[in-house]
Structure formats: C-alpha cells, structure tokens
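The values are calculated or read from the model by the stated rules, or taken from the named source; none is laboratory data. As the structure is a computational prediction, the values presented were derived from the model and not from experiment. Using ideal geometry, Cβ is built from the backbone for each residue, glycine included, and neighbour counts are taken over all protein chains shown.
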Amino acid sequence: METLILGKWMTARLSAFALLSLLLALTSSLAKAEMYVAGQVGVNIPQSLTNVEFSREGSTFDENDQLLRSSLMYGAKLGYYFESLKWLGVETEVFKTTPYLKQQHVTTLGGINFLTAPGGHLNVWTWAPANIVVRHQMGAFEPYAGIGLGFNFSRFSVGDGASSGGGPGLNTQLGLRYRMTTHLAVFGEWKFNHARLKYDDFMGFEGHELSVNYNAHNFVFGVAYHF
C-alpha cells in the first residue's frame, strides 16, 4: 500500500515537473520572439454589394449590385515575428467597419423594377485569427505584406428591422512600418477584404434569405508597441 502511494506521489511530481518545463520552454520561446500590439484607424471604401441573391418561399431572385458609402474603420492587432526567421511572422487582428447602404432601386436580372430599397447600415466585424506576415527590414523602415482567412460577423439594419449574419472570407494587407524607437513604431497600411455574407430569416421573416459579396478597401494608420 505504501509502495502504491509512493508511486502515485512520484508520478504526480514528475507530471508537474514536465508541465512546468513545457511552460518555461514556451515562455522562453515567446520571449525571444519579437511580439507587438497595435491600434489602427482609417477609412473603409467598399465596393458595391455584388452577386445579390434574395430567396423566399423556395424562389431565388438575382438582384442588381447595391451601392455602399465609405465609413470609418478601427481595430487592433497582436502578433510576433519568429526569432529564427526574422522576416516571417504571425498576426491576429480584428476591426470594424460601418458602410452605409444607399437608398436605391432594386431590380432583377431581367431589368424589371422590383422595389425601391430604403437606406440602411451594414456593420461588419472582421476577425483574422492568423495572418501570415512577411517583412523586409531596411533600418528604420519595414515594408510588409500579409494574407489570411477572415471571419466576418455582420448586422444589416434597415429602418426598425435588422438581421445578423456573416461568413468567411479573405483578408490581405500591404504596408510600411517606421521604427521611431526600438519599441515604438508607426505604420500605414492598405487592406483588401472579401467575404460572402449570408443573412437567414432576413428582417425577421422566416424562410427569407439574403446573400451578398462584400468587397472593401481599407486605408489605415496605426501605432504599434514592440516588446
């Protein structure tokens, strides 16, 4: 019995030691990496909503492109560059845009005037969990580029009605970073985002669905702190 208890105690000690060793190794690895956190703000310039499809009662209507107005864009980043490959990094970012849908005519592909849609707001939260980022260090200047999968969460509101939806998409970026100090940097960046947004039970009507292609250019300025 004592031997069994002693064996369990030794196993617990060894497991705890192994876990602690793993945590210390991970912490040491991250400490060597160049980590950074950043805030960003800019202007969102969306293209028209394309491939607009509205479905109800089993029928699908292909509609004309819908115009969107520009909006403010803001968000944050967190990432790091690898110690062994200083030109390669991984980054996660999240940002919000609120383009305005103009009041306009909605027509079918046959050119029939279907209705006049009132103006509305399209709120889009984009989360890119793992952008792959590459950079070229040129002293204080660092041009960089990145690409990754984006998850888009959207709320479409028109008048008193609103619908929530979203969908996956593509997130890209191209920018130039300037190191003001060892830790502080400023950057300018262009992003392009593509997503297929889908809204079920559109505007509260069961069985009504709206699907659109969302494409937008974002021009942003940001400040980053590098650890």
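Name the residues in segment 138-155 that are surrounded by fewer than 18 Cβ atoms within 10 Å (Cβ to Cβ) and part of a strand (DSSP E or B), would you? Write out each step before concluding.
Going through segment 138-155, the residues surrounded by fewer than 18 Cβ atoms within 10 Å (Cβ to Cβ) turn out to be 138-141, 143, 145, 147, 149, 151, 153, 155.
Scanning segment 138-155 gives Met138, Phe141, Pro143, Ala145, Ile147, Leu149, Phe151, Phe153, Arg155.
Evaluate segment 201-219: report whether one residue or more is part of a helix (DSSP H, G or I), in contact (Cβ under 8 Å) with a residue 24 or more places away in the chain and in contact with an Asp or Glu (Cβ under 8 Å, 6 or more places away or on another chain).
Taking segment 201-219 first, the residues part of a helix (DSSP H, G or I) are 202-204.
Then keep just the ones that are in contact (Cβ under 8 Å) with a residue 24 or more places away in the chain; that gives 202-204.
Applying the additional criterion that residues be in contact with an Asp or Glu (Cβ under 8 Å, 6 or more places away or on another chain) yields 202.
Yes; the residues of segment 201-219 include at least one that is part of a helix (DSSP H, G or I), in contact (Cβ under 8 Å) with a residue 24 or more places away in the chain and in contact with an Asp or Glu (Cβ under 8 Å, 6 or more places away or on another chain).
So, in segment 80-95, how many residues would count as being crowded, with 17+ Cβ neighbours inside 10 Å and either basic (Lys, Arg) or over 19 Å from the mean Cα position of the chain (by Cα) (or both)?
1
Out of everything in segment 177-200 that is in a strand (DSSP E or B) and aliphatic (A, V, I, L, M), what residue ends up being nearest to Ala162 (Cα to Cα)?
Within segment 177-200, the subset in a strand (DSSP E or B) is 177-179, 184-199.
Pick out the ones that are also aliphatic (A, V, I, L, M) and you get 184-186, 195, 197.
Details: Leu184: 41, Ala185: 40, Val186: 38, Ala195: 19, Leu197: 14 Å.
Taking the candidates together, the pick is Leu197.
Say we look at segment 127-137 and pick out the residues that are part of a strand (DSSP E or B) and not basic (Lys, Arg); which of these is surrounded by the most Cβ atoms within 10 Å (Cβ to Cβ)?
Let us first name the residues in segment 127-137 that are part of a strand (DSSP E or B), namely 127-135.
So of that shortlist, the ones also not basic (Lys, Arg) come out as 127-134.
Numbers: Trp127: 15, Ala128: 26, Pro129: 14, Ala130: 12, Asn131: 21, Ile132: 12, Val133: 21, Val134: 14.
Checking each candidate, the answer is Ala128.
Scan segment 140-167 for residues that are over 21 Å from Phe219 (Cα atoms) and in contact (Cβ under 8 Å) with a residue 12 or more places away in the chain and report the count. Walk me through how you get there before you give the answer.
Of segment 140-167, the ones over 21 Å from Phe219 (Cα atoms) are 140, 155-167.
Then keep just the ones that are in contact (Cβ under 8 Å) with a residue 12 or more places away in the chain; that gives 140, 155-159, 161-167.
Number satisfying all stated conditions: 13.
State all residues of segment 156-169 that are part of a strand (DSSP E or B) and over 21 Å from the mean Cα position of the chain (by Cα); if no residue qualifies, say none. Step through it out loud before you land on a result.
First, pick out the residues of segment 156-169 that are part of a strand (DSSP E or B): 156-158, 161-169.
Listed by number, the residues that qualify are Val158, Gly161, Ala162.
Determine which member of the set Leu197, Leu184, Leu174, Leu170 is surrounded by 16 or more Cβ atoms within 10 Å (Cβ to Cβ) and assigned by TED's automatic domain parsing to the domain that holds Leu122. Give the derivation first.
Numbers: Leu184 fails: surrounded by 16 or more Cβ atoms within 10 Å (Cβ to Cβ); Leu174 fails: surrounded by 16 or more Cβ atoms within 10 Å (Cβ to Cβ); Leu170 fails: surrounded by 16 or more Cβ atoms within 10 Å (Cβ to Cβ).
Leu197 is the lone residue from the list that is surrounded by 16 or more Cβ atoms within 10 Å (Cβ to Cβ) and assigned by TED's automatic domain parsing to the domain that holds Leu122.
Would you confirm whether any residue within segment 52-63 is in a strand (DSSP E or B), loosely packed, with under 14 Cβ neighbours inside 10 Å and either of a type in the set (S, T, N, Q) or modelled with pLDDT of 80 or more (or both)?
There is at least one residue in segment 52-63 that is in a strand (DSSP E or B), loosely packed, with under 14 Cβ neighbours inside 10 Å and either of a type in the set (S, T, N, Q) or modelled with pLDDT of 80 or more (or both).
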